[in-house]
Amino acid sequence: MAHDTDGTRATAELEVLLIEQQLEAMERSVSAAKPRWPWLLVIAGLVVVVGLGIHAYTALGTIGRVNASSRIDTPNALVLFQDLATNGPRVPPNVESSSRNTYSRALTQFVLDGTGVCIGMTLVVGGLFVRANE
């Protein structure tokens, strides 16, 4: 610290030093423990992804069985989800009339479960993002 004859420069440098120390103290975390809520987001997201993923798999199995009996080529799950989410659940005319209601419910359930899986993945990524940026 420089000393002038009038002391104004030393006082200004002392104030800057004190302000920098206060900023450093504010930037430091008050508690050493990191919050746990980001991990709760990750766990909740994983539960949603697994639970709805299994439920969507059963709906996809129903769709596959009806498509096989109706001689319709079943696309993979992601392409089917994209088509259903874009165009809505449509029952093709070659589906047997006795299976139309079951097929329609399976398509709707597949879209709902697929949307829930996407939300669950968003929760997982969001929780990991918050945890990484703390």
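The values are calculated or read from the model by the stated rules, or taken from the named source; none is laboratory data. Keep in mind it's a predicted model, so treat the numbers as computed, not measured. Cβ placement follows ideal geometry from the backbone for every residue including glycine, while neighbour counts extend to all protein chains displayed. Each accessible area value is taken on the protein alone, full model and side chains, heavy atoms only, with ligands, DNA and RNA left out. Shrake-Rupley method; radii C 1.70, N 1.55, O 1.52, S 1.80 Å.
Among the trypsin sites (Lys or Arg not before Pro) within the range 89-134, those in coil by DSSP and having at most 16 neighbouring Cβ atoms inside 10 Å are R90.
Candidate values (1) 1.04; (2) 0.93; (3) 1.51 were compared with Rg/Rh (Cα atoms, Kirkwood Rh) computed on the shown model; the agreeing label is (3). Only protein heavy atoms count here; on that basis, with a 1.4 Å probe, T62 has an accessible area of about 30 Å².
In a simple Cβ point-charge model (Lys, Arg +1; Asp, Glu -1; nothing else charged), the chain has a dipole of about 1280 debye relative to its Cα centre. Using the 1.4 Å probe convention, the accessible area of the chain works out to 71 Å² per residue with neighbouring protein chains retained.
Taking a span of 20 Å or more along the helix axis (Cα atoms) and a mean Kyte-Doolittle hydropathy of at least -1.0 as the rule, the DSSP H helices of the chain that qualify are 8-27, 37-70, 100-132.
Let me have the 222 nm mean residue ellipticity of the chain computed from DSSP H runs of 4+ only, each contributing -39500 (n - 2.57), with the sum over all residues rounded to the nearest 500.
About -26000 deg cm²/dmol.
Note on the chain: with a GNM built from Cα contacts shorter than 10 Å, the maximum mean-square fluctuation among G120, G88, G45 falls on G88. Of the accessible area of the chain, computed with a 1.4 Å probe over protein heavy atoms only, carbon and sulfur atoms account for 63 percent.
Ordering E27, E13, E96 by accessible area with a probe of 1.4 Å, largest first, what comes out?
If we order E27, E13, E96 from most to least accessible, we get E27, E96, E13.
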